[in-house]
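Heads up: the structure comes next, in structure tokens.
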């Protein structure tokens, strides 16, 4: 009987080992390779992170993750120094989740998350009021005046993740005159860039029209570099 028990144990152990090896091969090697192959064949761009490249072919970021466009701090070690936007670039939605950046491949991701407050929260009211005043001031030029009523909601509020890569066409158009002036470009030419990088609703009815800020700023940089 002892020999039979040992024999059964060995047989069960062998069967379990064979099952482990087969499942490891199928689930750990064949299946991942098959999924990767299909993704690369049918969705090559998305499978590789939806990378955005400039005219030289250099990767400048992902179309799925927002970036900020701020001036470098005068004192990098001063945590209290206010961050100032670089006004020659189109600005994204406000976000506390992104680090300082310009149009390049280096940016610091600090955190991701919403900063939701109730509609009558004093902090939220102050944030929105201050943000709206800044948008009006930054985007008004000698020949173009921005009125508070012209400022869309996405210009003064962050997205749920804090990583939204897109802005509304209204916010992009509001920035056109400022970007044109700062870069010495005709307004019509900058308006054309915005139009070229405006994406409509998915299937014509899902979501909202949007402008990918990184794609737009990358095209702007390519234009400036001639």
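Residue count for the stretch 178-190 under the criterion of being buried (at least 16 other Cβ atoms within 10 Å of the Cβ) and either without any contact (Cβ under 8 Å) to a residue 24 or more places away in the chain or at positive phi (or both): the result is 1. Filtering the stretch 166-177 to residues that are assigned to a helix (DSSP H, G or I), surrounded by fewer than 22 Cβ atoms within 10 Å (Cβ to Cβ) and touching a strand residue (DSSP E or B) at 6+ places or on another chain (Cβ under 8 Å) leaves 169, 177.
Yes or no: residue 123 over 18 Å from residue 88 (Cα atoms) and in contact (Cβ under 8 Å) with a residue 12 or more places away in the chain? Judged against the criteria, residue 123 is not a match.
For the stretch 150-161, the criterion of being under 23 Å from residue 222 (Cβ atoms), modelled with pLDDT of 90 or more and crowded, with 19+ Cβ neighbours inside 10 Å is met by none of the residues.
Residues in the stretch 200-226 that are assigned to a loop (DSSP other than H, G, I, E, B), touching a residue at least 12 places away in the same chain (Cβ under 8 Å) and more than 15 Å from residue 171 (Cβ to Cβ): 225 only. Residues in the stretch 178-191 that are in a helix (DSSP H, G or I) and in contact with a helix residue (DSSP H, G or I) (Cβ under 8 Å, 6 or more places away or on another chain): 178, 179, 180, 183, 187, 189, 190, 191.
The values are calculated or read from the model by the stated rules, or taken from the named source; none is laboratory data. All values reported here derive from a predicted model rather than from experimental measurement. Counting neighbours? That spans all protein chains shown, and the Cβs are built from the backbone with ideal geometry, glycine included.
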